[in-house]
Amino acid sequence: MNAQYLTIKELTEAVGGDITPRMVRHYHTLGLLPPAQRSNGNYRLYTPQNIQQLQRIVALKQQGFQLSHIQQLLTSDSGIDLS
């Protein structure tokens, strides 16, 4: 596996908080995260950009936003910087 990619477990560890692989898969289903690339073994592969996007989702959730509103904020690309 290429070193620039993270598995779903590595992604959740990099983001921290109480994020779980199950939550990440749910965010894919809702369209909050784009479909992940897949390895030859069909593992999801994530990039540094995916880490940043998941960090934004987690930060917005912690501020009390509903997932549907987070989706609107992400798709409008309103330029909110939560770092």
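General remarks:
- Within the stretch 8-77: Cβ-based charge dipole about Cα centre, in debye rounded to nearest 20 (Lys, Arg +1; Asp, Glu -1): 200 debye
- As a length-normalised measure over Cα pairs under 8 Å and 6 or more apart, the relative contact order of the chain settles at 30 percent.
- Take the Cβ atoms of L67 and T7, set R0 to 22 Å, and the FRET efficiency comes out at 0.40.
- The stretch 1-41: C-alpha gyration tensor shape, a/c 1.5 cut-off, then a/b vs b/c: oblate
- Carbon + sulfur, % of accessible area of the chain - ligands and nucleic acids excluded, 1.4 Å: 47 percent
- For the chain, the membrane-span-like helix rule (DSSP H, alpha carbon extent of at least 20 Å along the helix axis, mean Kyte-Doolittle at least -1.0) picks out 48-62; this says nothing about an actual membrane.
- Spacing of the two label points (7 Å from each Cα toward its C-beta) at D18 and T75, in nm: 2.9 nm
- Whether the chain is rounded, prolate or oblate, judged on the alpha carbon gyration tensor where a/c under 1.5 counts as rounded: prolate
- Å² per residue, accessible surface of the stretch 8-77 at 1.4 Å: 63 Å²
- Between N50, T20, Q63, the Cα set farthest toward the positive side of the dipole of the stretch 8-77 (charges on each charged residue's Cβ, about the Cα centre) is that of T20.
The values are calculated or read from the model by the stated rules, or taken from the named source; none is laboratory data. The structure presented is a predicted model; accordingly, all values stated were derived computationally and were not measured. No Cβ is skipped: glycine too gets one built from the backbone with ideal geometry, and neighbour counts run over all protein chains shown. Just so you know, the surface numbers come from the protein's heavy atoms only, side chains and all, with ligands and any DNA or RNA stripped out. Shrake-Rupley method; radii C 1.70, N 1.55, O 1.52, S 1.80 Å.
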